[in-house]
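Let me begin by presenting the structure, written as structure tokens, before commenting on it.
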Amino acid sequence: MDKKNSWKIPVFTILVALLAGAVVLLLLGKNPLGAYYNLLQGSGIAPKASYAGHKSMLTDFMSFLSYLTPMIFAALAVAVALRAGLFNIGVSGQMLAAGFAASVIVGYSSLTAPLAKPLVVVIGIVAGALVGGLIGFLKYRFNINEVVSSIMLNYILQYVCSFLINTYFVDPVSRQSRAVSAASRLTLADMAVGDLKMDIPLGIILALLAVALVRFLLNRTVTGYEMKAVGFSEGASRYAGIHVGKNIVLTMVISGALAGLAGVTYYLGYFASIRPRVLCDTGFDAIAVALLGNSNPVGIIFSSFLITVIDKGSTYMSSTAGVQAEIADVITGMILLFSACTAYIRYRLARRESGKKQEKKGEGR
């Protein structure tokens, strides 16, 4: 498939999903264009009619970037695993493990910001990599499907962290974990910039750096080549002398590390606490983002942007247009559904191109 089709197919998928969403909105008696514009307004991409004190379109957009950051990391985690033929459905659990570990070790400490913030990042990477590496080891050593082990670990981490929060770290008012210190947060909350008070996400810089590093890893290194080779065919990879087991574990370690970064930028970035017995939707939405971005690190930036606009802007759409916020989840689900059909679309396009080439050869004779 040529490079043009590599971006044409995702664009076609998005348009079809948005058209399907427009039909749903019309059936509900709502104006689709107005509802979609509300999504942009709620994300700080389009201006609202009015703003509260110390708020503006810029403050809304900075909050949007803070929410976007963990989505980029989570989608990269899914994409790295997919490149090696693995399906990391445990991103949400790995995010929770990283967020909880960083909160307990650093978030509740008295460390100053220059020490706390880098340490939060390191703990996020290590905690996520350990969980991801365990999934990879179980597949390599015992041939346990990574989907099964990921789901089971999601439940284990969810309830273990919930027990510990409710027992030792609960806030009696909010019934969530105690808020972490401002020094440990990867988002500078309520920073005064002129007359405005905004949230400044420090993690967005790390996210863009991660995109560049993952792209370099997959496309410019021997490790990336071996990972993709294992994804295409484990048997052929073994025949070529590639250590399949090592690459499976390494892939899940890298995927888990990225999920861990998503966790700390979510639980110690956009939020400052953890809600017990709840796995965040970001890890599951990241599947749609990775598929929509064709598992390409650069494509993931754009697909993350789109999905986050729908998710972040849904509250404003609900309050302004009277459209239930769940409609945004319906649209996201449609994008995931149509993204899953891209393999079939590529197959049909390849058949069509092959047929055209054969016709030209026949005419040349």
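Odds and ends about this structure:
- Restricting attention to segment 173-198, the residues that are open to solvent by less than 50 Å² (accessible area, probe 1.4 Å) and not hydrophobic (A, V, I, L, M, F, W, C) add up to 5.
- Residue match in segment 54-61 (condition: farther than 30 Å from SER237 by Cβ and either surrounded by 22 or more Cβ atoms within 10 Å (Cβ to Cβ) or touching a Cys at 6+ places or on another chain (Cβ under 7 Å) (or both)): yes
- All positions within segment 281-301 that are assigned to a helix (DSSP H, G or I), farther than 20 Å from VAL330 by Cα and either open to solvent by 10 Å² or more (accessible area, probe 1.4 Å) or out of contact with any helix residue (DSSP H, G or I) (no Cβ under 6 Å at 6 or more places or on another chain) (or both): VAL298, GLY299, ILE301
- When residues in segment 189-223 are screened for being assigned to a helix (DSSP H, G or I) and small (Gly, Ala, Ser), 4 of them pass.
- Complete set of residues in segment 245-266 that are among the hydroxyl-bearing types (Ser, Thr, Tyr) and open to solvent by 10 Å² or more (accessible area, probe 1.4 Å): TYR266
- Looking at LYS55, LYS48, just one residue is among the charged types (D, E, K, R) and in contact with a helix residue (DSSP H, G or I) (Cβ under 8 Å, 6 or more places away or on another chain), and that residue is LYS48.
- Considered as a group, the residues in segment 88-106 that are open to solvent by 10 Å² or more (accessible area, probe 1.4 Å) and touching a Cys at 6+ places or on another chain (Cβ under 8 Å) include one that is farthest from GLN158 (Cα to Cα), and that residue is PHE100.
- Options GLY322, GLY355, GLY364; residue that is at pLDDT 80 or above and not charged (D, E, K, R): GLY322
- In segment 75-87, the residues that are of a type outside the set (Gly, Ala, Ser) and open to solvent by 10 Å² or more (accessible area, probe 1.4 Å): LEU82, ARG83, PHE87
- Boolean, ARG141 is open to solvent by 30 Å² or more (accessible area, probe 1.4 Å), modelled with pLDDT under 95 and over 27 Å from PRO201 (Cα atoms): yes
- Hey, TYR67 in contact with a Lys or Arg (Cβ under 9 Å, 6 or more places away or on another chain) and more than 19 Å from ILE287 (Cα to Cα) or not: no
- Number of residues in segment 13-38 that are in a helix (DSSP H, G or I) and either polar (S, T, N, Q) or open to solvent by less than 10 Å² (accessible area, probe 1.4 Å) (or both): the value is 6.
- Exactly one residue out of ALA116, ALA98 is under 21 Å from VAL278 (Cβ atoms), touching a residue at least 24 places away in the same chain (Cβ under 8 Å) and not polar (S, T, N, Q), and it is ALA98.
- Within segment 80-116, tally of residues that are within 19 Å of the chain's Cα centre (by Cα) and not in a helix (DSSP H, G or I): 7
- Output for segment 45-65, where each listed residue is among the small types (Gly, Ala, Ser) and within 20 Å of the chain's Cα centre (by Cα): SER63
- Listed by first and then second residue, the pairs linking a residue in segment 158-178 that is at negative phi to a residue that is in a strand (DSSP E or B) and small (Gly, Ala, Ser), with Cβ atoms under 6 Å apart and 6 or more places separating them unless they lie on different chains, are ILE165/SER177; PHE169/SER177.
- Counted residues, segment 230-244 - those being outside any loop (DSSP other than H, G, I, E, B), surrounded by 15 or more Cβ atoms within 10 Å (Cβ to Cβ) and either over 24 Å from the mean Cα position of the chain (by Cα) or hydroxyl-bearing (Ser, Thr, Tyr) (or both): 3
The values are calculated or read from the model by the stated rules, or taken from the named source; none is laboratory data. In this text, all values refer to a predicted model and were calculated from it rather than measured experimentally. Every residue, glycine as well, gets a Cβ built from its backbone with ideal geometry; the counts of neighbours run over all protein chains shown. Keep in mind that these areas ignore ligands, DNA and RNA; they rest on the heavy atoms of the full protein, side chains included. Shrake-Rupley method; radii C 1.70, N 1.55, O 1.52, S 1.80 Å.
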